[in-house]
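Q: Before anything else, here's the structure in question.
Just so it is clear, none of the values below were taken in a lab; they were calculated from the coordinates. Just so it is clear, the structure is predicted and the values come from calculations on it, not from any experiment. We place every Cβ from the backbone using ideal geometry, glycine too, and count neighbours over all the protein chains shown.
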Amino acid sequence: MTFEDFITTFKINLKKRGGTRYAVLSTFGIDYPKSRHVVLRSFKEDRIHIYTHSLSSKVEELSANSKCNLCWYSDRHRIQLTFYGEGKILETSASEKIQQELSDLRDYQGIKPGSDFILDNTEEIHFAVIEFKIHKLIALKLDSSQHEKYVYSFNDKDIKEKRVIP
């Protein structure tokens, strides 16, 4: 498979409902690494966006150490993508811009908060966007006859490929 094949499969699955939009985000906690499932919201070039609650431990952990990774798997395609990079919490204006850009997808994604909830909580909505900047991608294509594994390094819009398996 090529880099474009991996990314195309990833993008197509991000547009679907259900488990194909979930990934595992790992950050550094106080004592141990912490991993949890997150819903991926968008992917553009070398960045992935995730929505979260601004009071969650993810925000605190990424503020202390921005290095993290995301692991995504498609059972149907038998592809595992592990993204390594840095996560940062976007400023309020940037978060609002991302939220507005993605609001057109709201009906498609099934996110329909009631208008009463929004009106009652406008002053205390703790919405935050994590922007994950990709530095490295390890792509694994599982196949019963022969697995394929690639490492892609991202440098200023330039992507270097190294085949690891076979």
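Q: Straight-line reach from LYS160: which lysines fall under 27 Å, measuring Cα to Cα and dropping same-chain residues less than 8 apart?
A: LYS11, LYS15, LYS44, LYS67, LYS88, LYS133, LYS136, LYS141, LYS149
Q: Right, here's the next one. Mind computing the radius of gyration and Dmax over the alpha-carbon atoms of segment 8-51? Å is fine for both.
A: Just the Cα atoms of segment 8-51 yield Rg and Dmax of 12.1, 37 Å.
Q: What is the order of ASP46, ASP143, ASP31, fewest Cβ neighbours within 10 Å to most? Display every interim value, and only then the final one.
A: Details: ASP46 17, ASP143 10, ASP31 6.
Ranked by crowding around the Cβ, least crowded first: ASP31, ASP143, ASP46.
Q: As a footprinting exposure proxy, order ASP158, ASP75, ASP5 by other Cβ within 10 Å, with the fewest listed first. Write down the numbers at each step before the final one.
A: Details: ASP158 7, ASP75 10, ASP5 13.
Arranged by neighbour count, lowest to highest, ASP158, ASP75, ASP5 become ASP158, ASP75, ASP5.
Q: At what distance in nm do the modelled label points of GLU161 and ARG78 sit from each other, each positioned 7 Å from its Cα along Cα→Cβ?
A: Placing both labels 7 Å beyond Cα along the Cβ direction yields 2.0 nm.
Q: Counting Lys +1, Arg +1, Asp -1, Glu -1, what net charge surrounds VAL24 among other residues with beta carbon under 15 Å of its beta carbon? Show your work: numbers first, answer last.
A: Working: positive: ARG21, LYS34, ARG36, LYS58; negative: GLU61, ASP75.
Summing Lys and Arg as +1 and Asp and Glu as -1 gives +2.
Q: Which whole-Hz ³J(HN,Hα) couplings does segment 155-160 yield from phi under the Karplus relation 6.51 cos²θ - 1.76 cosθ + 1.60, θ = phi - 60°, glycine and proline marked x?
A: Karplus-based 3J(HN,Hα) across segment 155-160 equals 9, 6, 6, 9, 10, 9 Hz.
Q: For VAL151, VAL129, which order do you get if you count the other beta carbons within 10 Å of each Cβ and list the fewest first?
A: VAL151, VAL129
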